[in-house]
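Novice: Here it is: the structure, laid out below.
The values are calculated or read from the model by the stated rules, or taken from the named source; none is laboratory data. Keep in mind it's a predicted model, so treat the numbers as computed, not measured. All Cβ positions, glycine included, derive from the backbone under ideal geometry; neighbour counts span all protein chains shown.
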Amino acid sequence: MAASPKGVTVLGATGTIGVNTLDVMARHPQLYRAVALTANGNVERLVEQCRAHRPAYAVVADPQHEGALAAGLKAAGLDTEALSGPEALAHVAALPETDYVMAAIVGGAGLLPSLAAARAGKRVLLANKEALVMSGRIFMDQIRQSGAELLPIDSEHNAIFQCMPGDFDRGLGRVGVERILLTASGGPFRAYAASDLEAVTPEQACAHPNWVMGRKISVDSASMMNKGLELIEACWLFDTKPDKVEVVLHPQSVIHSMVSYVDGSVLAQLGNPDMRTPIAHALAWPERIASGVDPLDIVQVARLDFERPDMDRFPCLRLAYESFEAGGTATAILNAANEVAVESFLEARIRFTDIPRVISHCLETMELGTADTLEEVLAADEAARAVARAVVTAGGLGRRVTA
Ligand code: NDP
């Protein structure tokens, strides 16, 4: 008898990762069915997705949209239940009928629902890297204690996972892994001179050369903070230290990362830059399923280039290294300050080059504490957001950009 389809909760269903997840699921209705879909406030898209995937629950994080969601579901003739608020996000991440949780809410808002999935022992497909950056130790402890399965969705970490030996949790040294080569496209400003970065606009920052992504991660990619967050993510996922993770610029985004072994072998995972590949890998693991991604034409790609990153032009990467080394609440502060700075840049309140200045200010002026409890992490997150907002509002960072 065929197994019944796995129940999937998609947190952040209306975002880029969420849409790609539903695309892969729809190709395999015999394997996956949507149990719950969530959004922040994009009711129209959420209702449309409910119409196509018929989940039992639809959740908007922002309670002011619950009425519109309920009305939209009713008008569409659906019996999907409308819920709202942060507790509802955590609730649908831990439902008994949910087997897999795609954690694809952007930013710190994803932490609690991602943790709820980990605590409930689900297969957690983790796109929300900010959760690990904020509270890596707590998150990984939760996964181990509950027996949850953690599968990385970030294309780089998914690639590393695919190139690792199956028993890498014994410790990388013990299984012959010498280091991880974390690739980075370099973003839209890879070749810009430092002086040219002062005047770049949000539109330029969001125009990634290889990937279609949400606006926050697009700016992170342009500033290289995305690689900094991924460095921290890799250290937690693979239980290693930054000196074992080398960031390598690879502008074609065809190699998604590599693992270097003590015998000189380097294993790489290649593919077209399309998030449906890591999503399909994590959904089906240890099996393989079709994702809808075109096969890689390696002859068409023809060449693969590599460079070292320039941390003077892209100081966010250095700040990430330093905050991981500092430990405790430093990475929660880094993440929160970055979120405020990116939002302020997208609103044209600060310049692109002010992003690392806001983060440095928070890291330099705030007291670091331990990050052993969720309360400590959330308090550091809140305090860092307040400090970052204050420095943006005070305008002490120099000339403002006109919108
Ligand atoms: P998007 O901005 O496209 O989507 C974000 C999703 O989160 C939307 O569903 C949005 O709802 C929801 N959301 C936003 N704010 C909140 C909130 N406060 N509470 C609850 N839900 C919220 O982001 P991406 O899909 O690009 O990225 C999602 C995550 O995946 C990020 O952590 C990112 O770093 C990571 N990631 C993304 C990759 C990509 O290629 N896009 C690659 C690797 C990792 P609404 O639509 O209603 O606003």
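Novice: Where in the stretch 152-225 are there helices (runs of 4 or more DSSP H), lying fully within it, with 1 or more residues that are more than 14 Å from the ligand (Cβ to nearest atom) and not acidic (Asp, Glu)?
Specialist: Helices (runs of 4 or more DSSP H) meeting the threshold: 155-163, 194-197, 202-206.
Novice: Now for a separate question. Every residue in the stretch 1-13 that is in contact with a strand residue (DSSP E or B) (Cβ under 9 Å, 6 or more places away or on another chain) and surrounded by fewer than 24 Cβ atoms within 10 Å (Cβ to Cβ), please.
Specialist: Answer for the stretch 1-13, where residues must be in contact with a strand residue (DSSP E or B) (Cβ under 9 Å, 6 or more places away or on another chain) and surrounded by fewer than 24 Cβ atoms within 10 Å (Cβ to Cβ): SER4, PRO5, LYS6, GLY7.
Novice: Among ASP243, ASP263, which is touching a Gly at 6+ places or on another chain (Cβ under 8 Å) and surrounded by fewer than 16 Cβ atoms within 10 Å (Cβ to Cβ)?
Specialist: Every option except ASP263 fails the conditions.
Novice: Output the qualifying pairs, or none if there are none: Cβ atoms under 8 angstrom, residues six or more apart or on different chains, first residue in the stretch 267-292 and away from the ligand (no atom under 16 Å from the Cβ), second residue among the aromatic types (Phe, Trp, Tyr) and not in a loop (DSSP other than H, G, I, E, B).
Specialist: Listed pairs, sorted by first residue: LEU267/TYR261.
Novice: A follow-up question, please. I need the full set of residues from the stretch 141-151 which are assigned to a loop (DSSP other than H, G, I, E, B) and surrounded by 17 or more Cβ atoms within 10 Å (Cβ to Cβ), in order please.
Specialist: ALA148
Novice: While we're looking at this one, here's another question. So LEU181 passes all but one of these: (1) closer than 30 Å to THR98 by Cα; (2) at pLDDT 95 or above. Which condition number does it fail?
Specialist: With respect to (1) closer than 30 Å to THR98 by Cα; (2) at pLDDT 95 or above, LEU181 is out only on (1).
Novice: While we're looking at this one, here's another question. Test GLY121 against the criterion of being in a loop (DSSP other than H, G, I, E, B), small (Gly, Ala, Ser) and either modelled with pLDDT of 95 or more or within 13 Å of the ligand (Cβ to nearest atom) (or both), and give yes or no.
Specialist: yes
Novice: Test each condition in (1) in a helix (DSSP H, G or I); (2) near the ligand (Cβ under 10 Å from one of its atoms); (3) not acidic (Asp, Glu) for VAL106 and report the one that comes out false.
Specialist: Among (1) in a helix (DSSP H, G or I); (2) near the ligand (Cβ under 10 Å from one of its atoms); (3) not acidic (Asp, Glu), the lone unmet condition for VAL106 is (1).
Novice: For the stretch 127-160, which positions are without any contact (Cβ under 8 Å) to a residue 40 or more places away in the chain and of a type outside the set (D, E, K, R)?
Specialist: Correct list: ALA131, GLN142, ILE143, GLN145, SER146, GLY147, ALA148.
Novice: For the stretch 231-280, give me each residue that is in contact with a Ser or Thr (Cβ under 6 Å, 6 or more places away or on another chain), assigned to a helix (DSSP H, G or I) and over 22 Å from ILE143 (Cα atoms).
Specialist: ARG276, THR277
Novice: Can you name every one of the helices (runs of 4 or more DSSP H) wholly within the stretch 281-378 that holds 3 or more residues which are under 26 Å from VAL219 (Cα atoms) and out of contact with any strand residue (DSSP E or B) (no Cβ under 6 Å at 6 or more places or on another chain)?
Specialist: Hits in the stretch 281-378: 315-326, 330-346, 354-365.
Novice: Here's a follow-up. For the stretch 213-225, which positions are buried (at least 22 other Cβ atoms within 10 Å of the Cβ) and either touching a residue at least 40 places away in the same chain (Cβ under 8 Å) or in contact with a strand residue (DSSP E or B) (Cβ under 7 Å, 6 or more places away or on another chain) (or both)?
Specialist: Scanning the stretch 213-225 gives ILE217, VAL219, ASP220, ALA222, SER223, MET224, MET225.
Novice: While we're looking at this one, here's another question. Spot the failing condition for LEU112; the list is (1) more than 21 Å from GLY214 (Cβ to Cβ); (2) of a type in the set (A, V, I, L, M, F, W, C); (3) near the ligand (Cβ under 10 Å from one of its atoms), and only one is missed.
Specialist: Every condition holds for LEU112 apart from (1).
Novice: Just one of VAL24, VAL60, VAL10 is more than 19 Å from PRO278 (Cα to Cα), in contact with a helix residue (DSSP H, G or I) (Cβ under 8 Å, 6 or more places away or on another chain) and within 15 Å of the ligand (Cβ to nearest atom); which is it?
Specialist: VAL60 is the lone residue from the list that is more than 19 Å from PRO278 (Cα to Cα), in contact with a helix residue (DSSP H, G or I) (Cβ under 8 Å, 6 or more places away or on another chain) and within 15 Å of the ligand (Cβ to nearest atom).
Novice: Within the bounds of the stretch 16-31, is there any residue that is at positive phi, surrounded by 15 or more Cβ atoms within 10 Å (Cβ to Cβ) and modelled with pLDDT of 95 or more?
Specialist: No, there is no match, as no residue in the stretch 16-31 is at positive phi, surrounded by 15 or more Cβ atoms within 10 Å (Cβ to Cβ) and modelled with pLDDT of 95 or more.
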